[in-house]
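Structure, as structure tokens:
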Amino acid sequence: MNIIIQSTLKTLQKSKYLLLNLDDATLDNKSISPYYSSIGGHVRHILDFYDCILNSNEGHKVDLTARKRSKNVETCCQHAMGYLEHIIVKLENFDRNIEDQVTVNDDLGVGVIEMPYTYAALFAQANSHTIHHYAIISYILDRLNIVINDTDFGYNPTTPKAPNLN
């Protein structure tokens, strides 16, 4: 299995751990300022990004604006876990050449544009995107006084760790 796919699967295991340690009310809690987003909204967004990649058509086109945005995934840990498991199975069975060219449609703020990528670059972006959303989830968890016992959750692997002062 390609190392980029392996890294992606390792990162997504954190979603599994998170979902196993939350209840539906916490997943859907939108009480934290300044954005009032939910953990479930971030999890759904992460999984939708991968779903778009994994559902690319035979012409090697990925439309990152065509996300499912299922409210069930945002509000129900069981639905989110099912979606996560679906993504994991598809990643484990990804049979395209990781270096193949793919055309990506996305809206970067001034309308939808087409960009050339490779699957490797797109999966690397998705992995970093996931970690970024884990960092936001960490802020929400902190404000809700919920501790997830994963010192790497929300940290990019290249981020220097502060020395332990105790």
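The values are calculated or read from the model by the stated rules, or taken from the named source; none is laboratory data. Here the structure is a predicted model, which is why all the values come from computation and not from measurement. Methodologically, a virtual Cβ is constructed for each residue, glycine included, from the backbone with ideal geometry; neighbour enumeration extends over all protein chains shown. These accessible areas exclude ligands, DNA and RNA; they are computed on the full protein's heavy atoms, side chains included. Shrake-Rupley method; radii C 1.70, N 1.55, O 1.52, S 1.80 Å.
Which order do the peptides 84-93, 129-138, 109-118 take when ranked by the mean count of other beta-carbon atoms within 10 Å per residue, highest first? Kindly include the intermediate steps, with their values, before the conclusion.
On the way: 84-93: 14.9, 129-138: 18.7, 109-118: 10.6.
Top to bottom by mean Cβ count within 10 Å: 129-138, 84-93, 109-118.
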Tell me the label-point distance for the pair V147, Y17, using the 7 Å Cα-to-Cβ offset, in nm and rounded to one decimal. 1.5
Cα-Cα over 20 Å, subset of K10/K71; K14/K61; K16/K61; K16/K90; K30/K161: K10/K71; K14/K61; K16/K61; K30/K161
Among residues other than Y83 whose Cβ falls under 13 Å from its Cβ, what is the net charge (Lys/Arg +1, Asp/Glu -1)? +3
Would you mind checking the tilt of helix 39-54 against the longest principal axis of the Cα atoms of the chain, expressed as 0 to 90 degrees and rounded to 10? 20
For the residue pair Y155 and Y35, what label-to-label distance in nm results when each label sits 7 Å from Cα along the Cα-to-beta-carbon direction? 2.2
Here the percent of antiparallel bridges among DSSP beta bridges lying wholly in region 33-141, to the nearest 5, is 70
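Hey, can you find the accessible area per residue of region 1-76 for me, probe 1.4 Å, expressed in square angstrom? Let's see the in-between values first.
Numbers: 3760 Å² over 76 residues.
With the other protein chains kept in place, region 1-76 gives 50 Å² per residue.
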Of all the accessible heavy-atom surface of the chain, with the other protein chains kept in place and a 1.4 Å probe, what percent is carbon and sulfur? 52
List the relative contact order of the chain as a percent without decimals, with contacts defined as Cα pairs under 8 Å and 6+ residues apart. 24
